[in-house]
1. Could you say which residue among C103, C79 is outside the structural domain of K218 (by TED's automatic domain parsing), surrounded by 13 or more Cβ atoms within 10 Å (Cβ to Cβ), of a type outside the set (V, I, T) and not in a helix (DSSP H, G or I)?
2. Can you name the residue in the stretch 203-233 that is of a type in the set (S, T, N, Q) and touching a helix residue (DSSP H, G or I) at 6+ places or on another chain (Cβ under 9 Å) and, of all such residues, is nearest to A287 (Cα to Cα)?
3. Would you mind listing the helices (runs of 4 or more DSSP H) fully within the stretch 218-298 where at least 3 residues are closer than 14 Å to E201 by Cβ and modelled with pLDDT under 95?
4. Taking helices (runs of 4 or more DSSP H) that fall entirely within the stretch 106-217, which contain at least 2 residues that are within 24 Å of A48 (Cβ to Cβ), touching a residue at least 40 places away in the same chain (Cβ under 8 Å) and assigned by TED's automatic domain parsing to the domain that holds L47?
5. Report yes if E100 is out of contact with any Ser or Thr (no Cβ under 9 Å at 6 or more places or on another chain) and modelled with pLDDT under 95, otherwise no.
6. Look through the stretch 82-98, keep the residues that are in contact with a helix residue (DSSP H, G or I) (Cβ under 6 Å, 6 or more places away or on another chain) and outside any helix (DSSP H, G or I), and return whichever of them is surrounded by the fewest Cβ atoms within 10 Å (Cβ to Cβ).
7. Mind listing whichever residues of the stretch 25-64 are in a strand (DSSP E or B), surrounded by fewer than 19 Cβ atoms within 10 Å (Cβ to Cβ) and not aliphatic (A, V, I, L, M)?
8. Name every residue in the stretch 172-199 that is buried (at least 24 other Cβ atoms within 10 Å of the Cβ) and of a type in the set (S, T, Y), in order of residue number.
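The values are calculated or read from the model by the stated rules, or taken from the named source; none is laboratory data. Computed from a prediction, not measured in an experiment: that's the story for all the values here. Note: ideal-geometry Cβ built from the backbone for every residue, glycine included; neighbour counts use all protein chains shown.
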Amino acid sequence: MKEIVVASGKGGTGKTTVAASLAVFLAKRGVKVFVADADVDAPDLLLALGGGKNIFSMNVRASEKARVDVDKCVSCGKCVEVCPFGAMAMPDGGRAIVVELMCEGCGVCKLVCPTNAIEVNEADTGTLSIEETKYGFGCATGKLKLGEHNSGHLVASIRNIARRKAQDEGSDVLIVDAAPGIGCPVIASITGADYVIAVTEPTPAAKRNLERLSRVIKHFDVPAGVVINKSGYSKDFEIVLKDWVVRELGFQFLGEIPIDYEVAKALVQMKPIIEFNPDTKASKALAAIGNKVGEILW
């Protein structure tokens with residue numbers, strides 16, 4: 001089974017549009033597909049695929065939070081004084097309370113409490129689920145709980161369950177829609193992948209962020225190709241960008257997707273553009289990219 005990660009150095013490049021369309025394109029050509037949404041801060045791959053039917057869900061506990069036993073608390077205020085995150089409070093001179101949204105579970109409050117009134121326990125980091133899409137393939141996805149950290153851990157959990165599920169179903173390819181940027185969720189998405197599709201735009205800002213993403217990709221020694229989305233802004237800059245991708249980054253150039261407002265209509269209808277209107281310019285470009293990816297990996 002091949003594992004493809006669709007990534008981007010910045011948000012808004014059309015990464016999820018490419019991932020959703022590639023999955024549907026390959027599935028319609030007999031390739032057994034499974035997908036995973038690794039953007040746990042803002043998961044929207046299922047939206048692009050028209051939603052899903054829940055098959056399995058679970059809570060992931062990879063965080064820790066302080067808890068106060070009010071019966072033991074003597075309102076000394078030491079925990080409030082030492083908390084480096086401002087997560088301990090003592091309203092109106094009463095017992096200490098924990099502001100969970102700010103607590104990082106470091107345990108300093110527990111160390112200084114003279115009455116052992118504070119414990120640090122596991123807490124929910126987020127949720128993980130398996131959904132069945134209307135295109136006949138499954139999707140592993142997750143949501144990070146508001147204010148929580150350990151997004152990399154949650155992404156790793158999503159990838160692991162996606163791999164197991166994909167292997168159980170005999171899938172030919174696992175397509176992972178990564179988070180934007182180069183943070184922990186992206187690192188957790190790229191490690192161990194077979195190929196990365198980096199989606200960018202023909203703008204200086206996108207080029208700069210693609211260069212940052214390329215360092216992560218090269219660090220993990222994963223082969224990669226680049227897709228230029230929303231082409232047509234600047235032909236001269238696009239020529240420079242293509243040459244830079246091949247000569248400087250050493251990545252394959254997979255193709256470019258022209259500006260096409262049918263894509264916006266497809267997003268509103270919660271359909272991949274390649275399904276919404278197969279004859280539009282963007283769909284034809286995505287089909288060509290899908291064929292090229294197939295040639296590279298198989």
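1. The match here is C103.
2. The residue in question is N229.
3. In the stretch 218-298, the matching helices (runs of 4 or more DSSP H) lie at 235-244.
4. In the stretch 106-217, 151-168, 184-190 are the helices (runs of 4 or more DSSP H) which contain 2 or more residues that are within 24 Å of A48 (Cβ to Cβ), touching a residue at least 40 places away in the same chain (Cβ under 8 Å) and assigned by TED's automatic domain parsing to the domain that holds L47.
5. yes
6. M90
7. Across the stretch 25-64, the qualifying residues are K53, N54, F56, S57, N59, E64.
8. Within the stretch 172-199, S189 is the sole residue that qualifies.
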